[in-house]
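For reference, the structure discussed in these notes is given below.
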Amino acid sequence: MLTMAIVILLLLMCATIPVAVTLIILAFVLGYFYSDFPFYLAAGEVLWTNSENYTLIAIPLFVLIGEILVRCGSARKAYSIMDAWLSWLPGGLIHANIGASVLFSATSGSSVATAATISTIALPEGRRLGYSEGIFSGAVAAGGTLGILIPPSISLIIYGIFTETSIPKLFAAGVIPGLLLAALFCFVTIVCSVIKPSISGQRAKYNWKTRIVGLFSLMPLFLLFFVVVGSIYAGLATPTEAAAIGVLAAVGIAAAGRSFSIAMFTDAVLGSLRTTAMIMLIVLASYFLNFVLSTLGINEQIEALFSGMNLSALETLLLVFCIYIVLGMFIETLSLMVITLPVLAPIVFAQGFDKVWFGVVVIILIEMALITPPVGLNLYVVQGVRKRGSIMDIVVGALPYVLAMFVLLYILVIYPQVALYLPNKV
């Protein structure tokens, strides 16, 4: 039964059937062949019960924050300021890709949105200044992955819902690893630039006055971050309430910058509706699939398979890493998380690993999936904006940043407190 489930899942994925539809089809096929119970009779109850989760409301609100900030020009302003502060480093403008991704991630919560926004701004500028498009585009794709690690993160919210883990603690856990990963990305850029100076192009020169004034213009973004995240940690708001406050703050930023209009807000709402519909359909379909798998006993089969291997805690963790890395090459990131968490998370928790810590680790593994072929979503997003050359240029350019993610995973395994220090203070 387990083998049949895996085969059906891969066949449907290869047939490019939408992920949510794939999960529903898999659930019904398994139910038809292995159970006398008509699962379709329970579908409505399962979907409705899980869609009532109050925390899920935070997802469309965080998406809307990102959509508003994209349309009001905040992302472009953040990029130019990061260029002023970071372009003196070896690698020049490439560091601005990473720095701007950090800033936008702290307000967006979506990797795809971060990659799409920063690539739209960065690629024309990099092309104009003569940067090597491979590593330049690879840095944009890699920087976009920070969107699901640095809070607020939609993926961390979904992880918290599926594993019943505190979302404020997950947000706190993502801060230090997210900033550390950004620093590793910058270090990788410096190393690549020293080894091969030709990847860098011309560098704009800025005086200190321009840099300081630029920091003041970023104050609205910093304020938005502290309003959203600070209200959660101060106990003034739940993540959902903080997201609603964040929407109001984003509207205020747009209005203060004289870029708010009914047409702009309507476009932002429609964009967030499209994104939210996709996310929620996948999440609810995975809930139904997990209901079927649990009823048929497949989850227990997988747990028995792991138990029968007699692996140590570290060996179990490394095997889970390998599963995520391999599956991440073929399955879209959100789908990968919602498919695997109900099965693999209990196995990892049974070995004594911390739920919050594992949440950060899972996000980093999923980040790898965003920039590893053949289904690295950020690679295709950046290539779609680039509109020329081969996507293999971006794949090769992103590889050094994949190595940086492996380094961060090693650090987290050896020093779990890197992720747990802030949550333990909350």
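Each reported figure results from applying straightforward, stated rules to the coordinates on display, with no laboratory input. What you are looking at is a predicted structure, and each value in this text was computed from that prediction instead of being measured. FYI the Cβ positions are ideal-geometry reconstructions off the backbone, even for glycines, and counts take in every protein chain you see.
Debye-formula intensities of region 214-361, expressed as log10 I(q)/I(0) at q = 0.12 Å⁻¹, are -0.77 (one equal scatterer per alpha-carbon, no solvent). Quick one: net charge of Thr55's neighbours, Cβ under 11 Å, K/R +1, D/E -1? Its environment carries a net charge of -3.
Relative to the longest principal axis of the Cα atoms of the chain, the long axis of helix 333-350 lies at roughly 60 degrees. Seen against the Cα atoms of the chain and their longest principal axis, helix 377-386 is set at about 40 degrees.
Applying the Karplus relation 6.51 cos²θ - 1.76 cosθ + 1.60 with θ = phi - 60° to region 364-370 yields 3J(HN,Hα) values of 5, 4, 6, 4, 4, 4, 6 Hz, where x marks Gly and Pro. Determine, from the Cβ-Cβ distance of Arg203 and Met392 and an R0 of 35 Å, the FRET efficiency 1/(1 + (r/R0)^6), rounded to the nearest 0.05. Computed FRET efficiency for Arg203 and Met392 comes out at 0.80.
Using a Gaussian network model of the chain with C-alpha springs under 10 Å, which one of Gly359, Gly99, Gly134 is most mobile by mean-square fluctuation? Top of the fluctuation ranking is Gly134.
Modelled this way, with points 7 Å down the Cα-to-C-beta line, the labels at Glu45 and Arg211 are 6.4 nm from one another.
With each label modelled as a point 7 angstrom along the Cα→C-beta vector, the Arg258-Tyr415 pair spans 4.8 nm. Relative to the longest principal axis of the Cα atoms of the chain, helix 262-296 runs at roughly 30 degrees. For the options Leu370, Leu129, Leu41, a Gaussian network treatment of the chain with springs between C-alpha atoms closer than 10 Å singles out Leu41 as fluctuating the most.
Let a ≥ b ≥ c be the square roots of the eigenvalues of the Cα gyration tensor of region 277-369; is it rounded (a/c under 1.5), or, if not, prolate (a/b larger than b/c) or oblate? Here region 277-369 falls in the oblate category.
Across region 160-293, the relative contact order, built from alpha-carbon pairs under 8 Å that are at least six residues apart, equals 16 percent. With 18 Å as the limit, the listed pairs Lys169/Lys425; Lys169/Lys355; Lys205/Lys387 have Lys205/Lys387 beyond it between alpha carbons. For Val175, the shell of other residues with beta-carbons less than 13 Å away shows a net charge of +2, using +1 for Lys and Arg and -1 for Asp and Glu.
Between Trp88 and Met4, the modelled label-to-label distance comes to 6.6 nm, taking each label 7 Å out from Cα in the direction of the beta carbon. In summary, the lysines within cross-link reach of Lys209, defined as a Cα separation below 24 angstrom excluding same-chain residues under 8 places away, comprise Lys77.
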